[in-house]
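Worksheet: one structure, shown below.
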Amino acid sequence: MKISIVGAGYVGLATGVGFASMGHSVICVDVDAERVRKLNRGEPPIYEPMLEEHLRKALEENRFEATTELGRAIRQSEVIFICVGTPSKSDGSMDPVFIEQASRDIGQAMKDRGGYPVVTVKSTVVPGTTEGVVIPLLERNSGKRAGAGFGVCVNPEFLREGQALSDFFNPDRVIIGELDGRSGDTLHQLYRDFKCPILRTDLKTAEMIKYASNAFLAAKISFINEIGNICKRLGIDVYEVARGMGLDRRISPHFLNAGIGFGGSCFPKDVRALMARARELGYEPRLLEAVMALNEDQPLRLLELLRKHLPDLRGRTIGVLGLAFKPGTDDVREAPSIRIVGELLREGAAVKAYDPKAMDNFRRIFPQLQYCGRAEEVLDSDAVLILTEWEEFRRLDYSGKVVIDGRRIEEARKARVYEGVCW
Ligand SMILES: NC(=O)c1ccc[n+]([C@@H]2O[C@H](COP(=O)([O-])OP(=O)(O)OC[C@H]3O[C@@H](n4cnc5c(N)ncnc54)[C@H](O)[C@@H]3O)[C@@H](O)[C@H]2O)c1
(Lines give C-alpha, C1' and ligand atoms only; values in the text may rest on other atoms or scores of the structure.)
Protein backbone atom coordinates (compact mmCIF):
# COMPACT_ATOMS: atom_id res chain seq x y z
CA MET A 1 0.00 0.00 0.00
CA LYS A 2 1.05 3.61 -0.46
CA ILE A 3 1.26 5.33 2.92
CA SER A 4 1.98 8.88 4.08
CA ILE A 5 3.06 9.68 7.59
CA VAL A 6 2.64 13.27 8.75
CA GLY A 7 5.05 13.95 11.63
CA ALA A 8 8.31 11.98 11.73
CA GLY A 9 8.91 11.73 15.49
CA TYR A 10 9.08 8.54 17.59
CA VAL A 11 5.66 7.35 16.50
CA GLY A 12 5.80 8.52 12.89
CA LEU A 13 9.23 7.00 12.31
CA ALA A 14 8.51 3.68 13.99
CA THR A 15 5.29 3.42 11.98
CA GLY A 16 6.82 4.61 8.71
CA VAL A 17 9.99 2.56 8.89
CA GLY A 18 8.00 -0.41 10.20
CA PHE A 19 5.49 -0.43 7.32
CA ALA A 20 8.31 0.15 4.80
CA SER A 21 10.12 -2.92 6.20
CA MET A 22 6.93 -4.90 5.61
CA GLY A 23 7.03 -3.99 1.92
CA HIS A 24 4.77 -0.92 1.80
CA SER A 25 5.76 2.32 0.11
CA VAL A 26 6.10 5.10 2.70
CA ILE A 27 6.57 8.86 2.51
CA CYS A 28 7.25 10.60 5.84
CA VAL A 29 6.40 14.30 5.94
CA ASP A 30 7.82 16.64 8.54
CA VAL A 31 7.98 20.43 8.88
CA ASP A 32 11.54 20.13 10.21
CA ALA A 33 13.79 20.30 7.11
CA GLU A 34 16.92 19.21 9.00
CA ARG A 35 15.11 16.12 10.27
CA VAL A 36 14.03 15.32 6.70
CA ARG A 37 17.58 15.74 5.34
CA LYS A 38 18.96 13.44 8.04
CA LEU A 39 16.33 10.79 7.39
CA ASN A 40 17.08 10.73 3.67
CA ARG A 41 20.77 10.23 4.52
CA GLY A 42 19.77 7.24 6.68
CA GLU A 43 20.45 9.02 9.99
CA PRO A 44 17.60 8.72 12.53
CA PRO A 45 17.12 12.03 14.37
CA ILE A 46 16.30 10.10 17.59
CA TYR A 47 17.94 7.13 19.26
CA GLU A 48 15.86 3.98 18.99
CA PRO A 49 17.23 0.41 18.76
CA MET A 50 17.07 -1.12 15.23
CA LEU A 51 15.75 2.12 13.72
CA GLU A 52 18.91 2.97 11.79
CA GLU A 53 19.28 -0.52 10.23
CA HIS A 54 15.63 -0.64 9.16
CA LEU A 55 15.72 2.95 7.88
CA ARG A 56 18.83 2.32 5.76
CA LYS A 57 17.43 -0.87 4.31
CA ALA A 58 14.11 0.81 3.46
CA LEU A 59 15.97 3.69 1.75
CA GLU A 60 18.14 1.28 -0.25
CA GLU A 61 15.06 -0.61 -1.39
CA ASN A 62 13.33 2.66 -2.37
CA ARG A 63 10.45 2.02 -0.04
CA PHE A 64 10.97 5.02 2.23
CA GLU A 65 11.36 8.71 1.60
CA ALA A 66 11.21 11.77 3.84
CA THR A 67 10.00 15.13 2.57
CA THR A 68 8.72 18.53 3.64
CA GLU A 69 6.31 18.55 0.65
CA LEU A 70 3.07 17.38 2.17
CA GLY A 71 0.96 17.88 -0.98
CA ARG A 72 2.93 15.45 -3.12
CA ALA A 73 2.82 12.77 -0.41
CA ILE A 74 -0.90 13.11 0.25
CA ARG A 75 -1.92 13.04 -3.41
CA GLN A 76 -0.45 9.56 -3.93
CA SER A 77 -1.35 7.81 -0.65
CA GLU A 78 -4.14 5.38 0.21
CA VAL A 79 -3.61 5.77 3.96
CA ILE A 80 -2.43 9.01 5.62
CA PHE A 81 -1.31 8.73 9.24
CA ILE A 82 -1.32 11.83 11.42
CA CYS A 83 1.54 11.36 13.92
CA VAL A 84 2.24 14.94 15.04
CA GLY A 85 2.75 15.83 18.70
CA THR A 86 -0.15 16.59 21.05
CA PRO A 87 1.51 18.60 23.84
CA SER A 88 -0.14 19.98 26.97
CA LYS A 89 -1.37 23.51 27.50
CA SER A 90 -0.43 25.15 30.80
CA ASP A 91 -3.68 23.88 32.38
CA GLY A 92 -2.83 20.29 31.42
CA SER A 93 -5.39 20.06 28.63
CA MET A 94 -4.33 18.79 25.21
CA ASP A 95 -3.10 21.46 22.83
CA PRO A 96 -4.50 20.56 19.38
CA VAL A 97 -2.37 23.13 17.52
CA PHE A 98 -0.28 20.61 15.52
CA ILE A 99 -3.28 18.36 14.88
CA GLU A 100 -5.20 21.36 13.52
CA GLN A 101 -2.34 22.42 11.27
CA ALA A 102 -1.83 18.90 9.93
CA SER A 103 -5.60 18.49 9.32
CA ARG A 104 -5.77 21.80 7.41
CA ASP A 105 -2.72 20.91 5.30
CA ILE A 106 -3.99 17.40 4.53
CA GLY A 107 -7.44 18.79 3.66
CA GLN A 108 -5.92 21.29 1.20
CA ALA A 109 -3.81 18.55 -0.39
CA MET A 110 -6.83 16.26 -0.81
CA LYS A 111 -8.74 18.95 -2.73
CA ASP A 112 -7.76 17.84 -6.19
CA ARG A 113 -7.41 14.12 -5.82
CA GLY A 114 -9.88 11.29 -6.25
CA GLY A 115 -10.22 7.90 -4.59
CA TYR A 116 -10.97 7.30 -0.95
CA PRO A 117 -7.81 8.10 1.03
CA VAL A 118 -8.16 7.13 4.69
CA VAL A 119 -6.89 9.82 7.05
CA THR A 120 -5.87 8.00 10.22
CA VAL A 121 -5.21 9.75 13.51
CA LYS A 122 -2.39 7.94 15.28
CA SER A 123 -1.46 10.82 17.60
CA THR A 124 -2.94 10.53 21.07
CA VAL A 125 -5.96 12.85 21.04
CA VAL A 126 -8.63 13.35 23.70
CA PRO A 127 -11.94 11.58 22.95
CA GLY A 128 -13.98 13.61 20.51
CA THR A 129 -11.03 15.33 18.78
CA THR A 130 -11.25 13.41 15.50
CA GLU A 131 -14.97 14.10 15.15
CA GLY A 132 -14.86 17.62 16.58
CA VAL A 133 -11.60 19.00 15.19
CA VAL A 134 -9.97 16.78 12.54
CA ILE A 135 -12.99 15.93 10.36
CA PRO A 136 -14.39 19.51 10.19
CA LEU A 137 -10.95 20.87 9.18
CA LEU A 138 -10.44 18.12 6.59
CA GLU A 139 -13.90 18.79 5.13
CA ARG A 140 -13.57 22.56 5.09
CA ASN A 141 -10.15 22.54 3.45
CA SER A 142 -10.76 19.74 0.94
CA GLY A 143 -14.31 20.64 -0.04
CA LYS A 144 -15.14 16.91 0.32
CA ARG A 145 -17.29 15.09 2.82
CA ALA A 146 -15.93 12.53 5.27
CA GLY A 147 -17.40 9.15 4.38
CA ALA A 148 -17.84 10.21 0.74
CA GLY A 149 -14.62 11.86 -0.56
CA PHE A 150 -12.28 10.41 2.06
CA GLY A 151 -12.32 7.97 4.96
CA VAL A 152 -11.29 8.50 8.59
CA CYS A 153 -9.86 6.18 11.24
CA VAL A 154 -8.32 6.49 14.70
CA ASN A 155 -5.48 4.03 15.27
CA PRO A 156 -3.85 4.77 18.63
CA GLU A 157 -0.23 3.84 19.12
CA PHE A 158 0.95 1.84 22.15
CA LEU A 159 4.68 1.53 21.38
CA ARG A 160 7.24 2.03 24.11
CA GLU A 161 10.22 4.27 23.48
CA GLY A 162 13.38 2.18 23.57
CA GLN A 163 11.46 -0.73 22.00
CA ALA A 164 9.51 1.18 19.38
CA LEU A 165 10.24 -1.06 16.40
CA SER A 166 9.88 -4.38 18.16
CA ASP A 167 6.59 -3.08 19.57
CA PHE A 168 5.55 -2.03 16.07
CA PHE A 169 6.16 -5.54 14.71
CA ASN A 170 4.66 -7.34 17.75
CA PRO A 171 1.83 -5.29 19.21
CA ASP A 172 -0.45 -6.77 21.90
CA ARG A 173 -3.43 -5.46 19.93
CA VAL A 174 -4.38 -3.12 17.12
CA ILE A 175 -7.26 -0.74 17.73
CA ILE A 176 -9.09 0.58 14.69
CA GLY A 177 -11.63 3.30 15.35
CA GLU A 178 -13.58 3.83 12.14
CA LEU A 179 -15.89 6.42 10.66
CA ASP A 180 -17.38 3.76 8.39
CA GLY A 181 -16.76 0.15 7.37
CA ARG A 182 -14.91 1.16 4.22
CA SER A 183 -12.33 3.19 6.19
CA GLY A 184 -11.93 0.41 8.75
CA ASP A 185 -11.54 -2.25 6.04
CA THR A 186 -8.68 -0.31 4.41
CA LEU A 187 -6.78 -0.04 7.68
CA HIS A 188 -7.59 -3.63 8.60
CA GLN A 189 -6.03 -4.67 5.28
CA LEU A 190 -2.82 -2.83 6.23
CA TYR A 191 -2.63 -4.72 9.54
CA ARG A 192 -3.69 -8.04 8.00
CA ASP A 193 -0.39 -9.82 8.71
CA PHE A 194 -0.12 -8.81 12.37
CA LYS A 195 -0.54 -11.74 14.74
CA CYS A 196 -2.61 -10.03 17.43
CA PRO A 197 -6.25 -9.23 18.10
CA ILE A 198 -7.62 -6.37 16.00
CA LEU A 199 -10.46 -4.51 17.67
CA ARG A 200 -12.73 -2.28 15.60
CA THR A 201 -14.67 0.46 17.36
CA ASP A 202 -16.08 3.89 16.66
CA LEU A 203 -13.73 6.89 16.57
CA LYS A 204 -14.06 8.21 20.12
CA THR A 205 -13.94 4.78 21.73
CA ALA A 206 -10.55 4.18 20.06
CA GLU A 207 -9.37 7.57 21.34
CA MET A 208 -10.49 6.67 24.87
CA ILE A 209 -8.85 3.21 24.79
CA LYS A 210 -5.47 4.93 24.46
CA TYR A 211 -6.06 7.32 27.40
CA ALA A 212 -7.58 4.63 29.59
CA SER A 213 -4.60 2.34 28.91
CA ASN A 214 -2.01 4.99 29.76
CA ALA A 215 -3.93 6.16 32.82
CA PHE A 216 -4.18 2.57 34.05
CA LEU A 217 -0.45 1.94 33.64
CA ALA A 218 0.38 5.22 35.35
CA ALA A 219 -1.96 4.26 38.19
CA LYS A 220 -0.26 0.87 38.50
CA ILE A 221 3.12 2.58 38.93
CA SER A 222 1.82 5.06 41.49
CA PHE A 223 0.09 2.20 43.28
CA ILE A 224 3.24 0.13 43.68
CA ASN A 225 5.21 3.25 44.65
CA GLU A 226 2.69 3.92 47.40
CA ILE A 227 2.98 0.34 48.62
CA GLY A 228 6.78 0.77 48.36
CA ASN A 229 6.74 3.94 50.46
CA ILE A 230 4.86 2.04 53.17
CA CYS A 231 7.17 -0.99 52.82
CA LYS A 232 10.22 1.23 53.26
CA ARG A 233 8.95 2.35 56.66
CA LEU A 234 8.19 -1.24 57.65
CA GLY A 235 11.52 -2.70 56.48
CA ILE A 236 9.80 -4.83 53.82
CA ASP A 237 11.20 -5.34 50.34
CA VAL A 238 8.49 -4.12 47.94
CA TYR A 239 10.05 -6.11 45.07
CA GLU A 240 9.29 -9.34 46.91
CA VAL A 241 5.80 -8.08 47.60
CA ALA A 242 5.39 -7.26 43.90
CA ARG A 243 6.62 -10.72 42.94
CA GLY A 244 4.02 -12.26 45.20
CA MET A 245 1.30 -10.00 43.83
CA GLY A 246 2.30 -10.50 40.19
CA LEU A 247 1.76 -14.26 40.38
CA ASP A 248 -1.94 -13.50 40.58
CA ARG A 249 -3.09 -13.49 36.94
CA ARG A 250 -5.62 -10.79 37.68
CA ILE A 251 -2.74 -8.50 38.67
CA SER A 252 0.13 -9.61 36.32
CA PRO A 253 3.79 -8.94 37.15
CA HIS A 254 4.22 -6.04 34.71
CA PHE A 255 4.49 -2.41 35.76
CA LEU A 256 5.07 -3.30 39.39
CA ASN A 257 8.61 -1.91 39.63
CA ALA A 258 8.59 0.58 42.46
CA GLY A 259 11.00 3.50 42.11
CA ILE A 260 11.13 7.25 41.57
CA GLY A 261 8.02 7.44 39.40
CA PHE A 262 7.05 7.68 35.76
CA GLY A 263 8.11 10.34 33.28
CA GLY A 264 8.45 10.59 29.54
CA SER A 265 6.44 12.28 26.86
CA CYS A 266 3.24 10.28 27.36
CA PHE A 267 2.06 9.20 30.82
CA PRO A 268 2.16 12.57 32.61
CA LYS A 269 0.80 14.49 29.63
CA ASP A 270 -1.93 11.98 28.81
CA VAL A 271 -3.17 11.58 32.38
CA ARG A 272 -3.33 15.37 32.74
CA ALA A 273 -5.18 15.72 29.42
CA LEU A 274 -7.75 13.12 30.45
CA MET A 275 -8.19 14.85 33.81
CA ALA A 276 -8.67 18.22 32.10
CA ARG A 277 -11.25 16.77 29.70
CA ALA A 278 -13.09 15.11 32.60
CA ARG A 279 -13.24 18.45 34.46
CA GLU A 280 -14.55 20.21 31.35
CA LEU A 281 -17.36 17.66 31.47
CA GLY A 282 -18.04 18.42 35.13
CA TYR A 283 -16.43 15.27 36.55
CA GLU A 284 -13.67 15.45 39.17
CA PRO A 285 -11.18 12.60 38.45
CA ARG A 286 -10.09 11.88 42.04
CA LEU A 287 -8.16 8.69 41.40
CA LEU A 288 -6.14 10.25 38.57
CA GLU A 289 -5.47 13.30 40.74
CA ALA A 290 -3.89 11.04 43.37
CA VAL A 291 -1.89 9.14 40.73
CA MET A 292 -0.28 12.37 39.58
CA ALA A 293 0.25 13.85 43.06
CA LEU A 294 2.04 10.72 44.23
CA ASN A 295 4.20 10.70 41.11
CA GLU A 296 5.21 14.32 41.55
CA ASP A 297 6.49 13.67 45.08
CA GLN A 298 8.18 10.36 44.39
CA PRO A 299 11.54 11.72 43.08
CA LEU A 300 11.84 13.81 46.24
CA ARG A 301 11.84 10.65 48.39
CA LEU A 302 15.27 9.86 46.99
CA LEU A 303 16.52 13.23 48.19
CA GLU A 304 15.07 12.65 51.67
CA LEU A 305 17.16 9.48 51.86
CA LEU A 306 20.23 11.30 50.57
CA ARG A 307 19.85 13.96 53.28
CA LYS A 308 19.75 11.23 55.90
CA HIS A 309 23.38 10.47 54.99
CA LEU A 310 24.51 13.94 53.85
CA PRO A 311 22.39 16.47 55.77
CA ASP A 312 24.00 19.50 54.13
CA LEU A 313 24.50 19.26 50.37
CA ARG A 314 26.31 22.59 50.02
CA GLY A 315 29.75 22.08 48.50
CA ARG A 316 29.17 18.33 48.09
CA THR A 317 29.56 16.50 44.79
CA ILE A 318 26.64 14.24 43.95
CA GLY A 319 27.00 11.69 41.17
CA VAL A 320 23.97 10.93 39.02
CA LEU A 321 23.78 7.67 37.07
CA GLY A 322 21.10 7.87 34.39
CA LEU A 323 19.15 10.86 33.07
CA ALA A 324 16.75 9.38 30.51
CA PHE A 325 13.24 8.72 31.80
CA LYS A 326 13.86 5.04 31.14
CA PRO A 327 16.60 2.87 29.63
CA GLY A 328 16.92 2.44 25.87
CA THR A 329 16.06 6.03 24.99
CA ASP A 330 17.67 9.47 24.89
CA ASP A 331 14.34 11.07 25.86
CA VAL A 332 14.42 13.21 29.02
CA ARG A 333 10.94 14.76 28.70
CA GLU A 334 9.38 14.90 32.20
CA ALA A 335 12.13 12.58 33.49
CA PRO A 336 12.39 12.37 37.31
CA SER A 337 16.08 13.29 36.86
CA ILE A 338 15.05 16.87 35.99
CA ARG A 339 13.29 17.35 39.33
CA ILE A 340 16.10 15.68 41.28
CA VAL A 341 19.00 17.51 39.62
CA GLY A 342 17.15 20.84 39.92
CA GLU A 343 16.74 20.26 43.65
CA LEU A 344 20.40 19.20 44.13
CA LEU A 345 21.60 22.39 42.44
CA ARG A 346 19.15 24.50 44.44
CA GLU A 347 20.62 23.06 47.64
CA GLY A 348 24.16 24.01 46.54
CA ALA A 349 25.53 20.60 45.43
CA ALA A 350 27.79 20.13 42.42
CA VAL A 351 26.43 17.43 40.09
CA LYS A 352 28.44 14.94 38.03
CA ALA A 353 26.28 12.99 35.61
CA TYR A 354 26.46 10.16 33.12
CA ASP A 355 23.91 8.63 30.79
CA PRO A 356 24.81 6.47 27.78
CA LYS A 357 22.34 8.24 25.46
CA ALA A 358 20.60 11.21 27.05
CA MET A 359 23.43 13.62 27.98
CA ASP A 360 23.03 15.87 24.91
CA ASN A 361 19.33 16.34 25.62
CA PHE A 362 19.92 16.91 29.34
CA ARG A 363 22.71 19.43 28.66
CA ARG A 364 20.12 21.68 26.98
CA ILE A 365 18.27 21.92 30.31
CA PHE A 366 21.25 21.88 32.68
CA PRO A 367 24.43 23.05 30.88
CA GLN A 368 26.17 23.64 34.23
CA LEU A 369 26.62 19.96 35.22
CA GLN A 370 29.85 18.04 34.86
CA TYR A 371 29.01 15.44 32.19
CA CYS A 372 31.25 12.37 32.36
CA GLY A 373 32.49 10.24 29.47
CA ARG A 374 32.17 7.01 31.49
CA ALA A 375 29.88 5.81 34.26
CA GLU A 376 32.89 4.99 36.51
CA GLU A 377 33.80 8.68 36.73
CA VAL A 378 30.46 9.43 38.42
CA LEU A 379 31.30 7.03 41.25
CA ASP A 380 34.01 9.42 42.41
CA SER A 381 31.49 11.59 44.33
CA ASP A 382 30.27 12.08 47.92
CA ALA A 383 27.15 10.08 47.07
CA VAL A 384 25.72 8.46 43.96
CA LEU A 385 22.06 8.50 42.88
CA ILE A 386 20.80 5.89 40.42
CA LEU A 387 17.99 7.39 38.33
CA THR A 388 17.73 5.11 35.25
CA GLU A 389 18.18 1.34 35.17
CA TRP A 390 20.64 1.12 32.27
CA GLU A 391 22.18 -2.38 31.95
CA GLU A 392 25.74 -1.06 32.17
CA PHE A 393 25.09 0.24 35.71
CA ARG A 394 24.87 -3.40 36.80
CA ARG A 395 28.54 -3.87 35.94
CA LEU A 396 29.97 -1.05 38.07
CA ASP A 397 32.03 -1.57 41.22
CA TYR A 398 30.05 0.21 43.93
CA SER A 399 32.18 -0.99 46.87
CA GLY A 400 33.05 1.77 49.33
CA LYS A 401 30.45 4.18 47.90
CA VAL A 402 27.30 5.82 49.26
CA VAL A 403 24.50 4.87 46.86
CA ILE A 404 20.85 5.92 46.91
CA ASP A 405 19.07 3.77 44.37
CA GLY A 406 15.88 4.88 42.65
CA ARG A 407 15.75 1.97 40.20
CA ARG A 408 16.74 -1.24 41.95
CA ILE A 409 20.21 -2.06 40.63
CA GLU A 410 21.04 -5.19 42.70
CA GLU A 411 24.82 -4.83 42.28
CA ALA A 412 24.72 -1.45 44.01
CA ARG A 413 23.85 -3.23 47.27
CA LYS A 414 27.60 -3.89 47.58
CA ALA A 415 28.08 -0.18 48.32
CA ARG A 416 29.33 0.89 51.78
CA VAL A 417 26.01 2.64 52.31
CA TYR A 418 23.04 1.50 50.21
CA GLU A 419 19.47 2.75 50.35
CA GLY A 420 16.67 1.86 47.94
CA VAL A 421 13.91 4.40 47.54
CA CYS A 422 11.11 1.93 48.33
CA TRP A 423 13.02 -1.06 49.71
N1 LIG B 1 6.62 8.85 22.01
C2 LIG B 1 5.90 7.82 22.38
O3 LIG B 1 6.38 6.88 23.02
C4 LIG B 1 4.44 7.74 22.00
C5 LIG B 1 3.76 6.50 22.14
C6 LIG B 1 2.43 6.44 21.79
C7 LIG B 1 1.76 7.59 21.34
N8 LIG B 1 2.42 8.76 21.24
C9 LIG B 1 1.68 9.93 20.74
O10 LIG B 1 2.00 10.10 19.35
C11 LIG B 1 2.06 11.49 19.01
C12 LIG B 1 3.43 11.84 18.48
O13 LIG B 1 4.39 11.62 19.49
P14 LIG B 1 5.97 11.61 19.20
O15 LIG B 1 6.64 11.26 20.48
O16 LIG B 1 6.25 10.82 17.97
O17 LIG B 1 6.16 13.17 18.89
P18 LIG B 1 7.49 13.93 18.41
O19 LIG B 1 7.44 15.28 19.03
O20 LIG B 1 8.68 13.06 18.60
O21 LIG B 1 7.27 14.08 16.82
C22 LIG B 1 6.29 14.87 16.23
C23 LIG B 1 6.82 15.30 14.85
O24 LIG B 1 5.78 15.96 14.15
C25 LIG B 1 6.35 17.03 13.40
N26 LIG B 1 5.27 17.97 13.04
C27 LIG B 1 4.60 18.82 13.83
N28 LIG B 1 3.65 19.47 13.13
C29 LIG B 1 3.70 19.00 11.87
C30 LIG B 1 2.96 19.26 10.67
N31 LIG B 1 1.96 20.15 10.64
N32 LIG B 1 3.31 18.60 9.56
C33 LIG B 1 4.31 17.71 9.56
N34 LIG B 1 5.04 17.41 10.67
C35 LIG B 1 4.74 18.04 11.80
C36 LIG B 1 7.41 17.59 14.32
O37 LIG B 1 8.38 18.33 13.60
C38 LIG B 1 7.99 16.28 14.91
O39 LIG B 1 9.07 15.78 14.14
C40 LIG B 1 1.66 12.23 20.28
O41 LIG B 1 0.28 12.44 20.27
C42 LIG B 1 2.02 11.25 21.39
O43 LIG B 1 1.26 11.45 22.54
C44 LIG B 1 3.75 8.86 21.54
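What lysines does Lys2 reach when the alpha-carbon gap must be under 17 Å and sequence neighbours fewer than 8 apart in one chain are set aside? Result set, ordered by chain and number: Lys122.
A simple spin-label model places the labels of Arg160 and Leu300 2.9 nm from each other, with each point 7 Å out along Cα-to-Cβ. One equal scatterer on each Cα of the chain, no solvent, Debye formula: the resulting log10 I(q)/I(0) at q = 0.06, 0.08, 0.13 Å⁻¹ is -0.28, -0.49, -1.14.
Against the main long axis of the alpha-carbon atoms of the chain, helix 10-21 sits at an angle near 60°. Shown for the chain: the carbon plus sulfur share of the solvent-accessible area, taken with all protein chains present and a 1.4 angstrom probe, equals 50%.
One quarter of the surface of the convex hull around the alpha-carbon atoms of the stretch 379-419 equals 2.4 nm², the direction-averaged projected area. What the stretch 342-423 shows is 45 Å² of accessible area per residue, with the surface traced by a 1.4 Å probe over protein heavy atoms. What Kirkwood Rh does the stretch 280-423 have if only Cα atoms enter the pairwise 1/r average? Answer in Å. The Cα-based Kirkwood calculation yields 15.5 Å.
Determine the order of Tyr371, Tyr47 by accessible area, beginning with the largest, at a probe radius of 1.4 Å.
On the way: Tyr371 40, Tyr47 75 Å².
So the residues, ranked largest to smallest area, are Tyr47, Tyr371.
Accessible area per residue (1.4 Å probe, heavy atoms of protein chains only) ranks Leu287, Leu379, Leu199, Leu217 as Leu287, Leu199, Leu217, Leu379, with the largest value leading. Taking Cα atoms, how many degrees apart are the long axis of helix 203-234 and the longest axis of the chain, rounded to 10 and kept between 0 and 90? The angle comes out at about 10 degrees.
What residues from the stretch 151-185 fall in the zone where the backbone N is under 14 Å from a label point 7 Å along the Cα-to-C-beta line of Asp193? Under 14 Å, as judged by backbone N against the label point of Asp193, lie 169-170 of the stretch 151-185. Across the stretch 178-287, C-alpha contacts under 8 Å between residues 6 or more apart give a mean separation that, scaled by the residue count, equals a relative contact order of 24 percent.
Nearest-5 percent of antiparallel DSSP beta bridges in the chain? Among the beta bridges of the chain, antiparallel pairing accounts for roughly 5 percent.
Every helix of 4 or more DSSP H residues in the chain counts as -39500 (n - 2.57), and over all residues that averages to -12500 deg cm²/dmol at 222 nm.
Think of the stretch 196-236 as having a plus end and a minus end, set by charges on the Cβ of Lys, Arg, Asp and Glu; of Cys196, Ala219, Ile209, Ala219 sits farthest toward the positive end of this dipole. When only Cα pairs below 8 angstrom with a gap of at least 6 residues are kept, the stretch 272-413 shows a relative contact order of 23 percent.
For the chain, the relative contact order works out to 12 percent when only alpha carbon pairs closer than 8 Å and six or more residues apart are counted.
Pairwise Cα separations in the stretch 94-191 fall into 5 Å bins from 0 onward with the following percentages, short to long: 2, 13, 23, 21, 19, 13, 6, 2, 0. The length gained on full extension between Arg307 and Ile236, counted as 0.36 nm times the residue separation minus their Cα-Cα distance, comes to 23.4 nm. In whole angstrom, the stretch 39-167 maps to an equivalent ellipsoid with semi-axes of 26, 21, 12, each derived as √(5λ) from the alpha carbon gyration tensor and ordered largest first. With the convex hull drawn around the C-alpha atoms of the stretch 1-104, the volume per residue stands at 101 Å³. Enter the Cα centre distance for the pair the stretch 297-311 and the stretch 116-136, rounded to the nearest angstrom. Each part's Cα centre sits 44 Å from the other's. For the set Arg286, Arg374, Arg316, the ranking by accessible area, highest first and with no ligand, DNA or RNA atoms included, is Arg286, Arg374, Arg316 under a 1.4 Å probe.
Principal axis analysis of the Cα atoms in the stretch 155-208 yields extents of 34, 24, 14 Å, listed in decreasing size.
Using a 1.4 Å probe, what is the accessible area per residue for the stretch 271-341, in Å²? Mind showing how you got there, number by number?
Working: 3240 Å² over 71 residues.
I get 46 Å² per residue for this part.
Lysine pair count for the stretch 294-423 (Cα-Cα distance under 17 Å; residues 8 or more apart in sequence or on different chains): 4.
Computed with a 1.4 Å probe over protein heavy atoms only, the accessible surface of the stretch 1-88 comes to 40 Å² per residue. Ordering of 91-102, 348-359 by packing is 348-359, 91-102, highest average first (other Cβ atoms within 10 Å, averaged per residue).
The values are calculated or read from the model by the stated rules, or taken from the named source; none is laboratory data. Treat the numbers as computed from the prediction; the structure is a model and nothing was measured. Cβ sites come from the backbone with ideal geometry, for glycine too, and all protein chains shown count toward neighbours. We work out accessible area using only protein heavy atoms, side chains counted, and drop any ligands, DNA or RNA first. Shrake-Rupley method; radii C 1.70, N 1.55, O 1.52, S 1.80 Å.
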